[in-house]
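Report on the following structure.
The values are calculated or read from the model by the stated rules, or taken from the named source; none is laboratory data. Note that this is a predicted model, so its numbers are computed, not measured. Positions of Cβ are generated from backbone atoms using ideal geometry, with glycine treated the same way; all protein chains shown enter the neighbour counts. These area figures cover heavy atoms from the full protein model, side chains too; ligands, DNA and RNA do not enter into them. Shrake-Rupley method; radii C 1.70, N 1.55, O 1.52, S 1.80 Å.
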Amino acid sequence: MTSIKEQAAISRLLSFLQDWDNAGKVARNNILNNFIEANQGKTAPELEQEFSQGASLFLVRLTTWLRLTYPLLNRKTVSNRYLIEFLEVGGVLTLLEILALNKIKEEDKKESVKLLQVIANSGRKYKELICESYGVRSIAEFLAKSKSEETQEEVQVLLDSLIHGNPKYQNQVYKGLIALLPCASPKAQQLALQTLRTAQSIIGTTHPSIVDCVLKVLCTMHLEVQYEAIELIKDLVNYDVCPALLKGLVALLIPSFKETSKLQSQIVSDSSVLELTSHLPLFLQQAAAAKAIGILARHNTTLAEEMLHLRVIHSLMAAMGNTDHSNSQRQASLTLEYFVQLFPVVEENVRKTMGEELYKLFLSNAENLYMNIDSIQADILAANKVNVTRVLHLSGLSYSNMSFYFGHSNEDQVAYITHFQKEDVEEKE
């Protein structure tokens, strides 16, 4: 027979469940808030004792109501047992659906993300369950569309959790992060780039699309996004995509659009203004590429050597002649200054192409050169034909002499130089 104390507990449980069953939305919110306040921090055994081993009956009602109405499920203390019960009634799918609903408040969606964090942090099988429920796609789409930076940062925490200790689906998360890069939200781009650095180090291999996606991000006008993109580029040069990445950066120094007549100092027509505006993303990308090349060259001399054979000097000088975008001129000039200081062969050819007057201006203040040159000098830079690779080849320098210029030589470098020498010969023919 049950004791008086147990009978009282059963009576309280039945009364509580009856109140819940008969309550409307507002009353249920009040019941739930009171329940949370009264039982905050209690363990599963303590809850079972309080509800005479019937706490799960309330959980079933709560999750069923959640699936039907998608209200805010707030500050729920999840034990392993209750977590399993929550998942068995479709808890993960419900939380993911909440993220996609337009009528749900942003704050409620943030709480759903927090619950997904709790689930993901409970172990590998729970991370796999989220991914198996098409969670990566739902979470990534929500990150791209969210208007709250605070909520977006919570999503980043969730994605970071899914990339760790989840070998079966870590590539899925990695690809989802790459897919986020073209999105319209600068904050989402920034967070995706940050998380990609972590994902890249865990996975250890690259996806072919990452080079194109990261380079396109460089057209951003948001410096915090550009910074994260360059930081990721610094990591990616240590992987097999390095040649494609360097080639892509150098290519961005000369935008692919057809050159239009330059803007005049006097009043310009509306069509000219529109023309410049349409080219702005390409100019931003050009300046960022020049900056990234300078950072990579200063960080690793071998990368600087490799970029010489991609005709980086020619392209940097061409960017210095872009009078429509002063930051492109400035960044290209600063990067060229480093190459001139590092390689005598570059110094010799740049001096010859610029001429003494322009070269002296360049040496005196590379950063502000763009403010001190006239239109003729800008045209000299834009139309330059410098080809350091061809000069090295046609001068008949041996690899030992190249080592004098480059400071060292190895088999990989020789193979790389030979490859580009063949390309030069083909171009000449």
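Determine the pairs where a residue that is within 14 Å of Phe58 (Cα to Cα), located within region 4-18, has a partner that is of a type in the set (A, V, I, L, M) with Cβ atoms under 7 Å apart, the partner being 6 or more residues away or on another chain.
Between residues of region 4-18 that are within 14 Å of Phe58 (Cα to Cα) and residues that are of a type in the set (A, V, I, L, M), the close pairs are Leu17/Leu57.
Considering region 217-238 alone, what residues qualify as being in contact (Cβ under 8 Å) with a residue 40 or more places away in the chain, surrounded by fewer than 21 Cβ atoms within 10 Å (Cβ to Cβ) and closer than 17 Å to Leu280 by Cβ?
Listed by number, the residues that qualify are Cys219, Thr220, Met221.
For Gln377, indicate whether it is buried (at least 18 other Cβ atoms within 10 Å of the Cβ) and within 32 Å of the chain's Cα centre (by Cα).
Details: buried (at least 18 other Cβ atoms within 10 Å of the Cβ): yes; within 32 Å of the chain's Cα centre (by Cα): no.
No.
For residues in region 247-256 being of a type in the set (A, V, I, L, M, F, W, C) and closer than 19 Å to Leu193 by Cβ, which is surrounded by the fewest Cβ atoms within 10 Å (Cβ to Cβ)? Let's see the steps before the verdict.
First, pick out the residues of region 247-256 that are of a type in the set (A, V, I, L, M, F, W, C): 249-254.
When the remaining residues are screened for being closer than 19 Å to Leu193 by Cβ, the result is 249, 252.
Values: Leu249: 26, Leu252: 23.
Checking each candidate, the answer is Leu252.
So, in region 190-203, exactly how many residues are open to solvent by 10 Å² or more (accessible area, probe 1.4 Å), touching a helix residue (DSSP H, G or I) at 6+ places or on another chain (Cβ under 7 Å) and closer than 17 Å to Gln170 by Cα? Explain how you work it out, then say what you get.
Of region 190-203, the ones open to solvent by 10 Å² or more (accessible area, probe 1.4 Å) are 190, 194, 197-198, 201-203.
Checking which are touching a helix residue (DSSP H, G or I) at 6+ places or on another chain (Cβ under 7 Å) leaves us with 190, 194, 197-198, 202-203.
Right, trim to closer than 17 Å to Gln170 by Cα and you get 194, 197-198, 202-203.
The number of residues fulfilling the criteria is 5.
Working only within region 4-38, note down all residues that are of a type in the set (Phe, Trp, Tyr) and modelled with pLDDT of 80 or more.
The first filter runs over region 4-38 and keeps only residues of a type in the set (Phe, Trp, Tyr), leaving 16, 20, 35.
Passing the criteria: only Phe35.
Quick grid of which residues meet (1) at pLDDT 95 or above; (2) farther than 14 Å from Ile380 by Cβ; (3) touching a Gly at 6+ places or on another chain (Cβ under 6 Å); (4) among the polar types (S, T, N, Q):
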{"position": "Gln285", "(1), (2), (3), (4)": "yes, yes, no, yes"}
{"position": "Lys291", "(1), (2), (3), (4)": "yes, yes, no, no"}
{"position": "Thr301", "(1), (2), (3), (4)": "no, yes, no, yes"}
{"position": "His314", "(1), (2), (3), (4)": "yes, no, no, no"}
{"position": "Ser328", "(1), (2), (3), (4)": "yes, yes, no, yes"}
{"position": "Gln331", "(1), (2), (3), (4)": "yes, yes, no, yes"}
{"position": "Pro344", "(1), (2), (3), (4)": "no, yes, no, no"}
{"position": "Leu358", "(1), (2), (3), (4)": "yes, no, no, no"}
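Which one is farthest from the chain's Cα centre (by Cα), of the residues in region 356-372 that are aliphatic (A, V, I, L, M) and open to solvent by 30 Å² or more (accessible area, probe 1.4 Å)?
Applying the first criterion (aliphatic (A, V, I, L, M)) to region 356-372 yields 358, 361, 363, 366, 369, 371.
After this cut, where a residue has to be open to solvent by 30 Å² or more (accessible area, probe 1.4 Å) as well, the list is 361, 363, 371.
On the way: Leu361: 38, Leu363: 36, Met371: 34 Å.
So the residue we want is Leu361.
Tell me, please, whether a residue that is open to solvent by less than 10 Å² (accessible area, probe 1.4 Å), among the hydrophobic types (A, V, I, L, M, F, W, C) and under 18 Å from Ala244 (Cβ atoms) can be found in region 204-213.
Taking region 204-213 as the starting set, the residues that turn out to be open to solvent by less than 10 Å² (accessible area, probe 1.4 Å) are 210.
Subset that is among the hydrophobic types (A, V, I, L, M, F, W, C): 210.
Those left that are additionally under 18 Å from Ala244 (Cβ atoms): 210.
Yes; the residues of region 204-213 include at least one that is open to solvent by less than 10 Å² (accessible area, probe 1.4 Å), among the hydrophobic types (A, V, I, L, M, F, W, C) and under 18 Å from Ala244 (Cβ atoms).
Sort out which residues of region 298-330 are among the polar types (S, T, N, Q) and in contact (Cβ under 8 Å) with a residue 60 or more places away in the chain, and write them in order of number.
Of all residues in region 298-330, those among the polar types (S, T, N, Q) come to 300-302, 315, 322-323, 326-329.
Residues satisfying the conditions are Asn300, Thr301, Thr302, Ser315, Asn322, Thr323.
Are there any pairs with C-beta distances below 8 angstrom linking a residue in region 331-342 that is acidic (Asp, Glu) to a residue that is surrounded by fewer than 24 Cβ atoms within 10 Å (Cβ to Cβ), with the two at least 6 apart or on different chains, and if so which?
Note: pairs meeting the criteria are Glu337/Phe362; Glu337/Ala366.
Exactly one condition in (1) within 19 Å of Leu249 (Cα to Cα); (2) outside any helix (DSSP H, G or I); (3) hydrophobic (A, V, I, L, M, F, W, C) is false for Ala366; which is it?
The single condition Ala366 does not satisfy is (1).
Quick test of your reading of the structure: Arg67 fulfils all but one of (1) open to solvent by 20 Å² or more (accessible area, probe 1.4 Å); (2) over 25 Å from Glu154 (Cα atoms); (3) at pLDDT below 75. Name the failing condition by number.
The failed condition is (2).
Could we say that Lys187 is open to solvent by less than 70 Å² (accessible area, probe 1.4 Å), within 28 Å of Pro281 (Cα to Cα) and of a type in the set (Lys, Arg) here? Lay out the reasoning, then the answer.
Working: open to solvent by less than 70 Å² (accessible area, probe 1.4 Å): yes; within 28 Å of Pro281 (Cα to Cα): yes; of a type in the set (Lys, Arg): yes.
Here the answer is yes, as Lys187 does meet what is asked.
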